[in-house]
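The values are calculated or read from the model by the stated rules, or taken from the named source; none is laboratory data. Remember, predicted model here, so these are calculated numbers, not experimental data. Accessible surface areas use protein heavy atoms only, side chains included; no ligands, DNA or RNA. Shrake-Rupley method; radii C 1.70, N 1.55, O 1.52, S 1.80 Å.
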Amino acid sequence: MIFIPLILAHLLGDFLLQPNSWVADKERKKAGSGYLYLHILLHTVLAFVFLWNIELWWIAAVIGVSHFLIDWAKLNFQNAKTKRTWFFVDQLLHILVIVAVSMLYFPYFMWDDFFNSESLKLITAVVFLTVPSSIFIKTLISIWTPVTVEHSKLQTESLVNAGKYIGILERLLVFVFILVDHWEGVGFMIAAKSVFRFSDLAEAKQRKLTEYVLIGTLLSFGIAVLTGILVKI
């Protein structure tokens with residue numbers, strides 16, 4: 001089955017191996033950005049590597065060409081108001097291409113000598129719960145802007161990107177708890193975060209910021225729980 005390897009290649013290419021500087025350059029220069037073509041080349045190579053079959057080189061080519069067309073459309077048609085919508089349309093179209101290719105060539109099994117389907121499913125889930133999930137959550141709740149207070153204790157004592165890494169760690173821990181059938185660990189994680197995080201927010205007296213963080217937290221836990229359940233099916 002080539003679906004999971006191609007999804008893993010997509011997650012790596014679109015999230016973990018694509019720096020923010022590439023994204024900014026592409027949005028600024030669009031088709032004139034060299035990083036757009038480097039990004040497409042990266043996806044093509046990753047697809048080929050994860051397929052690991054010289055006879056299926058053209059599937060990697062299809063992934064690369066379709067990725068270029070989808071990204072080109074997004075870069076040229078999105079604006080400040082529709083950027084959030086185009087992000088999800090872009091990801092949906094990429095996944096649909098992978099689904100279509102996988103349905104046509106289901107009999108092929110890749111990397112059988114190294115990974116079985118269960119291992120690849122687990123690796124894909126772990127990768128998804130890191131940077132990809134952070135970006136999905138950030139994009140999803142970007143419609144709301146939290147109230148910020150200059151010189152607030154909450155702002156000045158916050159570590160750089162701390163929230164991002166806390167989210168990644170909590171999702172991975174929740175995922176592990178579900179895999180080992182210890183759901184009480186999920187409850188402990190929620191309780192612990194509530195004590196430490198929301199006491200600080202209450203002290204800052206920013207209700208909108210508290211609600212913003214709460215929505216992000218519930219989405220983070222929800223994604224981890226759902227991913228854990230899907231992997232166990």
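Would you list, by chain and number, the lysines whose Cα falls below 22 Å from the Cα of Lys26, excluding same-chain residues fewer than 8 positions away? Of all the lysines, those that pass the test against Lys26 - Cα under 22 Å, at least 8 places apart if same chain - are Lys74, Lys81, Lys83, Lys138. The mean accessible area for residues of the range 1-92, using a 1.4 Å probe and ignoring ligands and nucleic acids, is 51 Å² per residue. Shape descriptor for the range 2-109: Rg over Rh equals 0.98 (Cα atoms; Rh from the Kirkwood inverse mean 1/r).
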